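Student: Sharing a structure below in structure tokens format, with a few things to ask.
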Number of protein chains: 2
Amino acid sequence: MVNKGNIRLIDIAGKLNITVNTASKALRGKPGVSDETRKAVKKLAEELGYVPNSLAKGLQSGQTFTVAIIFDVLINPYFMIMADKIHQKLKTLGYDTMIFAGEDGKLEINTLKTLLSRRVDGIITFLEPSDDVNSILYNTRIPTVLIGRKNINLNISTISTDDYKGSYEVGKLFITNGAKNIGYIGIPEDIECSKRRLSGLMQSMIDHGVAYNDANFRFMKTPQIADELNELIKNKVDAIFIFNDMLLLEAYIILKDQGIKVPDDIMLAGFDNIQEELPNPLKITTVASDKTKIIETAVNLLFNHINNKEVYEYQHVEFDVELIVGETTKSLISS
Amino acid sequence: MVNKGNIRLIDIAGKLNITVNTASKALRGKPGVSDETRKAVKKLAEELGYVPNSLAKGLQSGQTFTVAIIFDVLINPYFMIMADKIHQKLKTLGYDTMIFAGEDGKLEINTLKTLLSRRVDGIITFLEPSDDVNSILYNTRIPTVLIGRKNINLNISTISTDDYKGSYEVGKLFITNGAKNIGYIGIPEDIECSKRRLSGLMQSMIDHGVAYNDANFRFMKTPQIADELNELIKNKVDAIFIFNDMLLLEAYIILKDQGIKVPDDIMLAGFDNIQEELPNPLKITTVASDKTKIIETAVNLLFNHINNKEVYEYQHVEFDVELIVGETTKSLISS
DNA sequence: TTGTAGGCGTTATCAT
DNA sequence: ATGATAACGCCTACAA
């Protein structure tokens, strides 16, 4: 089947005895078309339900008005919130959104090839690019912004939060509220910010004179938090800083099932403040940042790159954080 | 700028002194190319990082290997869960995913035009199409599946859950546990399944000899549940069936803030069982269905349509539901 | 086995 | 103001 019932410019032109060229210009408000012709074209296009073929347009112009978002799993309130904000913002700019899951927590070559093949105009990724991808991104100058995972070794723009400060504050809060044996559960160690959050926590413990036990600082090897959590329970920690709020919720449920009380037996703190956008019956103690502003900045940065492809100067923007005290940590003890 | 640094078939062909045709066939494993040539082409393509231009491919073939998902807001665990499952499934089939937000809770003409323009191969929508869109979908035979919102007046395939039965069961549970004054909060009334869920609840009350008060059956006019909820609180209901789990969580928080105890003062039940995929500290009483199977069926149905465009026979599939009893309803009273 | 020609739908350029 | 032509990159059909 040749023309699957889609109306083309040539169909309009044919019925009006003009050329596609004229029809094209008429519809796009370009000069050089008489008012009369323009009206006739627009009217007929409307009647026939003409919709321009964006593939042809994209092939011709090299622009697809498409941005790709890369994450690992969408079933993570944080990604979902951010994806929604990005999608909304892009829509106002006339861009559509594709979603892709990376592999092994990275934006790797397979995914990138799809993006290249589809000629997306830009990439917003929540996953660090693998090394080979990083160099391709750099060489091809395809506009890319990495959100949430600062890594100054990468040749791309990044928007991150002040992991170090946030983690430091969490440590301080734990200690102020009586914690003596603090644990940490992060995502795999090769993710820069997972390490950074630990280092903030450790410095906080050092500065506040609380001894730390390396065995209580753990990086997940699987997507499940249970193993690492059980290890910490065995070690009788009284507070755990968890990489993000979703993992915290998983931990909370496991603790609840074991009859361990939060925050009385164990205090918990997370990262992301997902409860800001998502109803959550448990008020989490967490590190927050201005997600809307982050997305705003990320998209602006992306479009800077898109509109100035010759000057590929990547930037690293870091956002301030704020500690939100919820029900998963004790209130100040005045004993 | 003409060729933005992207390698094309002609680049490969040129360096090898063959034609694009041969290069094309070589890369796609088509017969009629000598082993020697094929190897050389593949090697060079690999070295040069050749990636086919999917726009050109799509323009030529009329296939884009793209499916669009339509929802209203992504910040809804249910959509997120479903979107993730769809995306995963599509990926295994070699298709990529675009996401679109409808307007006013419908898949309306603006969004549809974008989909037509992009020549997506199929549409999976969580929103009912508006009337004009429905007829276009029917006329153009663009493969579409509507999930979660059965409406037999639509000319498209739908996958839904047994709203009536689920709601009936909820009513029964409420009543068994002592509810005398039951309320309902649904999304706007023009959404079929919002009405259907109410009717199941009402029938249940009738069958079990519990009087109902129309003033306690409410449909939201804004995205916020607070107004309707406060009305029910005023009316001193002792149980509320809420359209879905996310709204239930919002309601729970509002009740908690007002010092109203769940389930002691008011029982709550929702729909979707989002806690199956998402960690949730509060175990919700909710109506569940097999989401993975639903998505599996939806995607299969979609590809039936895609692969048999001549026979456009839409189907309505309804999935069974199961009542999950959580902490938001009382346990059986034996008084 | 390899090459040539035409077309997918649109836009830009250069005529007329 | 309008038309003709070429190009975007690829694939199919047919020819050599």
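Student: Select from the range A:31-49 the residues that are in a helix (DSSP H, G or I) and in contact (Cβ under 8 Å) with a residue 24 or more places away in the chain and list them in ascending order.
Tutor: A:ALA40, A:VAL41, A:LEU44, A:ALA45, A:LEU48
Student: Given the structure, is B:THR97 within 11 Å of chain A (Cβ to nearest Cβ), more than 16 Å from DNA strand D (Cβ to nearest atom), touching a His at 6+ places or on another chain (Cβ under 6 Å) and farther than 26 Å from B:TYR164 by Cα? Break it down stepwise before answering.
Tutor: Details: within 11 Å of chain A (Cβ to nearest Cβ): yes; more than 16 Å from DNA strand D (Cβ to nearest atom): yes; touching a His at 6+ places or on another chain (Cβ under 6 Å): yes; farther than 26 Å from B:TYR164 by Cα: yes.
Spelling it out, B:THR97 is indeed within 11 Å of chain A (Cβ to nearest Cβ), more than 16 Å from DNA strand D (Cβ to nearest atom), touching a His at 6+ places or on another chain (Cβ under 6 Å) and farther than 26 Å from B:TYR164 by Cα.
Student: Would you pick out the residues in the range A:7-25 that are closer than 11 Å to A:ALA45 by Cβ and more than 10 Å from DNA strand C (Cβ to nearest atom)? Walk me through it before giving the result.
Tutor: Our first condition is that a residue be closer than 11 Å to A:ALA45 by Cβ; within the range A:7-25, this holds for A:7-9, A:11-13, A:15-16, A:23-24.
Hits for the range A:7-25 are A:LYS15, A:LEU16.
Student: Would you confirm whether any residue within the range A:162-182 is out of contact with any Pro (no Cβ under 7 Å at 6 or more places or on another chain), farther than 30 Å from A:GLU313 by Cα, in contact (Cβ under 8 Å) with a residue 24 or more places away in the chain and aromatic (Phe, Trp, Tyr)?
Tutor: Of all residues in the range A:162-182, those out of contact with any Pro (no Cβ under 7 Å at 6 or more places or on another chain) come to A:162-182.
Adding the requirement that they be farther than 30 Å from A:GLU313 by Cα leaves A:168-182.
Now narrow it down to the ones that are in contact (Cβ under 8 Å) with a residue 24 or more places away in the chain: A:168-182.
Checking the rest, the ones that are also aromatic (Phe, Trp, Tyr) come to A:168, A:174.
Yes, the conditions are met somewhere in the range A:162-182.
Student: Quick test for you: out of B:VAL317, B:VAL262, pick the one residue that is more than 22 Å from B:ASN76 (Cα to Cα) and in the same structural domain as B:MET220 (by TED's automatic domain parsing). Give the derivation first.
Tutor: Details: B:VAL317 fails: in the same structural domain as B:MET220 (by TED's automatic domain parsing).
Every option except B:VAL262 fails the conditions.
Student: Can you pull out the residues in the range A:214-238 that are within 21 Å of A:LYS330 (Cβ to Cβ) and over 28 Å from the mean Cα position of the chain (by Cα)?
Tutor: Narrowing the range A:214-238 to residues within 21 Å of A:LYS330 (Cβ to Cβ): A:216, A:229, A:232-233, A:235-238.
Residues satisfying the conditions are A:ASN216, A:LEU232, A:ILE233, A:ASN235, A:LYS236, A:VAL237, A:ASP238.
Student: Among the residues of the range A:65-80, what is the count of those that are more than 9 Å from every other protein chain (Cβ to nearest Cβ) and surrounded by fewer than 22 Cβ atoms within 10 Å (Cβ to Cβ)?
Tutor: Counting residues in the range A:65-80 that are more than 9 Å from every other protein chain (Cβ to nearest Cβ) and surrounded by fewer than 22 Cβ atoms within 10 Å (Cβ to Cβ) gives 3.
Student: When you scan the range B:268-286, how many residues do you find that are of a type in the set (S, T, N, Q) and away from chain A (no Cβ under 13 Å)? Steps first, please.
Tutor: The first filter runs over the range B:268-286 and keeps only residues of a type in the set (S, T, N, Q), leaving B:273, B:275, B:280, B:285-286.
Retained after the next criterion (residues that are away from chain A (no Cβ under 13 Å)): B:273, B:285-286.
Count: 3.
Student: Scan the range B:9-47 residue by residue and report those that are within 41 Å of the chain's Cα centre (by Cα) and modelled with pLDDT of 95 or more.
Tutor: Let us first name the residues in the range B:9-47 that are within 41 Å of the chain's Cα centre (by Cα), namely B:9, B:24-30, B:42, B:45-46.
B:LEU9, B:SER24, B:LYS25, B:ALA26, B:LEU27, B:ARG28, B:LYS42, B:ALA45, B:GLU46, listed by residue number.
Student: Looking at (1) surrounded by fewer than 20 Cβ atoms within 10 Å (Cβ to Cβ); (2) within 16 Å of DNA strand D (Cβ to nearest atom), find the lone condition where B:GLU108 falls short.
Tutor: Condition not satisfied by B:GLU108: (2).
Student: Looking at B:ILE75, B:ILE69, can you tell me which residue is under 30 Å from B:LEU249 (Cα atoms) and out of contact with any strand residue (DSSP E or B) (no Cβ under 9 Å at 6 or more places or on another chain)?
Tutor: Values: B:ILE69 fails: out of contact with any strand residue (DSSP E or B) (no Cβ under 9 Å at 6 or more places or on another chain).
After ruling out the rest, the residue left standing is B:ILE75.
Student: For B:GLY14, indicate whether it is assigned to a loop (DSSP other than H, G, I, E, B) and more than 9 Å from every other protein chain (Cβ to nearest Cβ).
Tutor: Values: assigned to a loop (DSSP other than H, G, I, E, B): no; more than 9 Å from every other protein chain (Cβ to nearest Cβ): yes.
So B:GLY14 does not fit the description; no.
Student: Please give the number of the condition A:LEU9 fails out of (1) within 12 Å of DNA strand D (Cβ to nearest atom); (2) more than 14 Å from chain B (Cβ to nearest Cβ); (3) surrounded by 17 or more Cβ atoms within 10 Å (Cβ to Cβ).
Tutor: (2)
Student: Those residues that are among the aromatic types (Phe, Trp, Tyr) and either part of a helix (DSSP H, G or I) or modelled with pLDDT under 95 (or both), I need them from the range B:289-321; list them, please. Full working, then the answer.
Tutor: So the first thing to find is which residues in the range B:289-321 are among the aromatic types (Phe, Trp, Tyr), and the list is B:303, B:312, B:314, B:319.
Across the range B:289-321, the qualifying residues are B:PHE303, B:TYR312, B:TYR314.
Student: Taking the range B:236-267 on its own, how many of its residues are within 11 Å of chain A (Cβ to nearest Cβ) and over 30 Å from A:PRO223 (Cα atoms)? Steps first, please.
Tutor: Going residue by residue through the range B:236-267, those that are within 11 Å of chain A (Cβ to nearest Cβ) are B:245-257, B:262.
Still in the list and also over 30 Å from A:PRO223 (Cα atoms): B:251, B:254-257, B:262.
Total meeting the criteria: 6.
Student: Looking at (1) within 14 Å of chain B (Cβ to nearest Cβ); (2) of a type in the set (A, V, I, L, M); (3) more than 12 Å from DNA strand D (Cβ to nearest atom), which is the only condition A:LEU59 fails?
Tutor: (3)
Student: Among the residues in the range B:81-90, are any within 11 Å of DNA strand D (Cβ to nearest atom), within 13 Å of chain A (Cβ to nearest Cβ) and in contact (Cβ under 8 Å) with a residue 24 or more places away in the chain? Spell out the reasoning first.
Tutor: First pass over the range B:81-90, keeping only residues within 11 Å of DNA strand D (Cβ to nearest atom): none.
For the range B:81-90, residues within 11 Å of DNA strand D (Cβ to nearest atom), within 13 Å of chain A (Cβ to nearest Cβ) and in contact (Cβ under 8 Å) with a residue 24 or more places away in the chain: absent.
Student: Could you figure out which of (1) away from chain B (no Cβ under 13 Å); (2) under 14 Å from B:SER117 (Cβ atoms) isn't true of A:TYR50?
Tutor: Single failed check for A:TYR50: (1).
Student: Here is a list: A:ASN139, A:ASN153. Which entry is surrounded by fewer than 21 Cβ atoms within 10 Å (Cβ to Cβ) and either of a type in the set (Val, Ile, Thr) or more than 10 Å from chain B (Cβ to nearest Cβ) (or both)?
Tutor: Numbers: A:ASN139 fails: either of a type in the set (Val, Ile, Thr) or more than 10 Å from chain B (Cβ to nearest Cβ) (or both).
Exactly one residue qualifies, and that residue is A:ASN153.
Student: Do any strands (runs of 3 or more DSSP E) lying entirely in the range A:164-253 carry at least 1 residues that are at pLDDT below 95 and of a type in the set (A, V, I, L, M, F, W, C), and which ones are they? Quick ask: steps written out before the conclusion?
Tutor: Numbers: elements: A:182-186, A:217-219, A:239-242.
Hits in the range A:164-253: none.
Student: Please work out if A:VAL67 is in contact (Cβ under 8 Å) with a residue 12 or more places away in the chain, closer than 30 Å to A:MET246 by Cα and more than 10 Å from DNA strand C (Cβ to nearest atom). Can you show your working first?
Tutor: Numbers: in contact (Cβ under 8 Å) with a residue 12 or more places away in the chain: yes; closer than 30 Å to A:MET246 by Cα: yes; more than 10 Å from DNA strand C (Cβ to nearest atom): yes.
In short, yes.
Student: If you go through the range B:114-125 one residue at a time, do you hit one that is closer than 26 Å to A:THR292 by Cα, facing chain A (nearest Cβ under 10 Å) and in contact with a strand residue (DSSP E or B) (Cβ under 6 Å, 6 or more places away or on another chain)?
Tutor: Scanning the range B:114-125, I find no residue that is closer than 26 Å to A:THR292 by Cα, facing chain A (nearest Cβ under 10 Å) and in contact with a strand residue (DSSP E or B) (Cβ under 6 Å, 6 or more places away or on another chain), so the answer is no.
The values are calculated or read from the model by the stated rules, or taken from the named source; none is laboratory data. Because the structure is a prediction, the values reported are computed rather than measured. Note that we place each Cβ from the backbone using ideal geometry, even for glycine, and neighbour counts take in every protein chain shown.
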